[in-house]
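The values are calculated or read from the model by the stated rules, or taken from the named source; none is laboratory data. Remember, it's a predicted structure, so these values are computed and weren't measured experimentally. Here the Cβ positions follow ideal geometry from the backbone for every residue, glycine too, while neighbour counts run over all protein chains shown. Side chains included, ligands, DNA and RNA excluded: accessible areas come from the protein's heavy atoms. Shrake-Rupley method; radii C 1.70, N 1.55, O 1.52, S 1.80 Å.
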Amino acid sequence: MPMPMAKPPPSSLSHARTPLLTRRFVLLASVIAVSLSLGFFLCRSAASCNPTATSDASIQHETVPKLVLVPTVHDRSGNPLQFMRNKLVLLVSHELSLSGGPLLLMELAFLLRGVNTKVVWITYPKTDEANDVTNRLEHKMLNHGVELLNAKSQEAIDVALKSDLVILNTAVAGKWLDGVLKEKVHKVLPKVLWWIHEMRGHYFKLDYVKHLPYVAGAMIDSYVTAAYWKNRTSERLKIEMPKTHVVHLGNSKELMKVAEGEISALREHVRHQDLHVGKEDILFALINSVSRGKGQDLFLQAFYQMLQIIKSQKIKVPPLHAVIVGSDMNAQTKFELELRNFVSRKGIQDRVHFVNKTMNVTPYLAAIDVLVQNSQARGECFGRITIEAMAFHLPVLGTAAGGTTEIVVDGTTGLLHSPGKEGIMPLARNMVDLATHVERRVRMGRKGYERVKERFMEHHMADRIADVLKQVLTTSKELS
């Protein structure tokens with residue numbers, strides 16, 4: 001029978017300007033910025049579980065595994081993953097892109113390579129179209145010693161059969177089991193660890209996850225997400241989840257070194273050269289892939305309402321700006337065109353800045369004053385950009401949904417608002433609050449940083465991923 005999940009620990013608590021990176025900025029950023037290889041748009045689907053689900057009485061207490069996927073790839077003394085040395089691990093991704101799921105899996109690949117694990121990567125289904133992003137990511141993996149195989153090849157099947165561990169990344173990757181392994185699938189299921197990030201209802205299909213009850217374990221990024229999957233698979237699909245490990249992410253030593261270092265030069269440069277804003281201007285930023293589920297439209301509406309409140313009440317504040325990091329300048333979607341048209345209609349082109357998607361958002365975290373995490377419906381599964389921003393002493397204005405509720409302490413490290421249209425005015429008022437109360441903004445940023453140091457650091461969580469893998473390998477032997 002599947003083991004119950006752990007309870008969470010109690011809380012202690014347009015035509016808008018499009019900036020271009022100048023050569024000087026790239027050089028400066030490359031010197032002091034850490035590459036946030038899981039990118040800013042952690043692919044946590046826009047849907048998440050109702051936050052109240054974490055109090056489900058059916059979720060019993062057990063040892064809580066928490067993990068951080070540290071990007072360090074060098075072997076180090078006392079590495080808790082030493083037991084993975086010389087083992088063979090197959091990683092199955094549904095895509096290779098700058099979205100959060102593939103980038104998280106890449107980080108895990110590099111972590112395993114750091115202890116000389118043999119890591120093989122396949123992408124299924126893989127499109128025939130090669131692009132700069134795919135080529136760069138593949139090149140990066142090859143440089144780290146990760147072997148790339150065709151997902152449909154006999155070689156990939158052979159690796160699956162002889163591997164010590166198979167990690168399926170996202171629910172969609174489950175299609176590979178029947179699509180490629182076919183009648184051999186029963187030989188592989190006992191050594192599968194299924195890493196799930198999705199929250200939207202359309203992922204709850206038997207075609208994707210019918211094999212879930214038979215794998216060695218599931219790994220999910222937050223308690224609300226785990227509870228949502230537990231309930232939905234039982235009620236809708238009539239299947240049971242395997243033993244589920246909740247694994248909060250964390251900030252690496254490399255990231256913290258940058259966040260805790262001297263970033264004033266980078267902050268000034270990005271503001272002056274890239275965003276063309278003043279030193280004292282106040283910047284609210286939403287850093288995520290541009291899509292309706294991430295809530296950029298509602299963020300801009302709230303930003304406009306904030307400007308109206310400031311104007312009507314004649315409040316004296318420095319110039320206020322909205323920054324949206326995550327655009328695709330080469331292929332603007334219908335949704336992004338809607339955003340730009342809204343900015344144009346409202347006449348706020350000089351206040352809104354669209355920034356192209358990037359793997360390294362450190363310069364923008366250094367430059368802004370407040371992070372807005374506005375993911376809609378059930379929110380983010382976790383939202384790693386949230387803890388990254390908190391490491392930079394930034395308060396967070398987030399939706400009261402999903403994993404954000406496990407990170408942000410409302411009123412202490414930030415302020416929460418409802419998702420949907422009903423959250424527009426509360427978000428606008430929260431932005432006015434932080435724009436007009438510098439001390440509160442600074443205090444929340446400091447408390448957020450302290451919370452990161454207490455809960456979301458590498459030295460808190462690095463051992464947990466080893467615990468999870470050890471349990472999965474033990475379960476795999478038992479099932480086999």
*asked:* With the requirement that a residue be in a helix (DSSP H, G or I) and at pLDDT below 90, what does segment 111-134 give you?
replied: 111, 132, 133, 134
_Anything in segment 222-241 that is in contact with a helix residue (DSSP H, G or I) (Cβ under 6 Å, 6 or more places away or on another chain) and either within 28 Å of residue 164 (Cα to Cα) or outside any helix (DSSP H, G or I) (or both)? List them, or say none._
222, 223, 239, 240, 241
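Here are some residues: 277, 270. Which one is part of a helix (DSSP H, G or I), open to solvent by less than 20 Å² (accessible area, probe 1.4 Å) and at pLDDT 95 or above?
270
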*Please give the number of the condition residue 343 fails out of (1) open to solvent by 10 Å² or more (accessible area, probe 1.4 Å); (2) in contact with a strand residue (DSSP E or B) (Cβ under 6 Å, 6 or more places away or on another chain).*
(1)
*Among the listed residues 138, 155, which satisfies the condition of being over 29 Å from residue 244 (Cβ atoms) and touching a Phe, Trp or Tyr at 6+ places or on another chain (Cβ under 9 Å)?*
138
_Any chance residue 434 is open to solvent by less than 60 Å² (accessible area, probe 1.4 Å), touching a Lys or Arg at 6+ places or on another chain (Cβ under 8 Å) and not charged (D, E, K, R)_ = yes
*Out of 475, 405, 413, sole residue that is among the β-branched types (Val, Ile, Thr), open to solvent by 20 Å² or more (accessible area, probe 1.4 Å) and over 16 Å from residue 222 (Cβ atoms)*: 475
*Could you please tell me which pairs satisfy a Cβ distance under 7 Å, a separation of 6+ or placement on different chains, a first residue in segment 396-408 that is basic (Lys, Arg), and a second residue that is open to solvent by less than 10 Å² (accessible area, probe 1.4 Å) and at pLDDT below 95?*
none
_Against the conditions (1) part of a loop (DSSP other than H, G, I, E, B); (2) of a type in the set (Val, Ile, Thr); (3) at pLDDT 95 or above, where does residue 323 fall short? Just the number, please._
(1)
*Counting only residues that are open to solvent by less than 50 Å² (accessible area, probe 1.4 Å) and out of contact with any Leu (no Cβ under 8 Å at 6 or more places or on another chain), which one in segment 290-302 is farthest from residue 362 (Cα to Cα)?*
293
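Is it the case, given these coordinates, that residue 262 is open to solvent by 60 Å² or more (accessible area, probe 1.4 Å), modelled with pLDDT of 90 or more, in a helix (DSSP H, G or I) and charged (D, E, K, R)?
no
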*Does segment 71-103 hold any residues that are among the aliphatic types (A, V, I, L, M), surrounded by fewer than 18 Cβ atoms within 10 Å (Cβ to Cβ) and at pLDDT below 90, and which are they?*
73
_Tally up the residues in segment 417-457 that are modelled with pLDDT under 95 and touching a strand residue (DSSP E or B) at 6+ places or on another chain (Cβ under 7 Å), please._
2
*Among 212, 181, which is the only one that is buried (at least 24 other Cβ atoms within 10 Å of the Cβ), of a type outside the set (S, T, N, Q) and at negative phi?*
212
*When residues of segment 155-174 are filtered for being at pLDDT 90 or above, assigned to a helix (DSSP H, G or I) and open to solvent by 10 Å² or more (accessible area, probe 1.4 Å), how many remain?*
6
*Using beta carbons and a limit of 6 Å, which pairs, at least six apart or on different chains, have the first residue in segment 187-202 and within 30 Å of residue 401 (Cβ to Cβ) and the second one of a type in the set (Lys, Arg) and open to solvent by 10 Å² or more (accessible area, probe 1.4 Å)?*
199/378
*Considering only segment 326-353, state which residues are more than 27 Å from the chain's Cα centre (by Cα), outside any loop (DSSP other than H, G, I, E, B) and of a type in the set (S, T, N, Q).*
341, 344
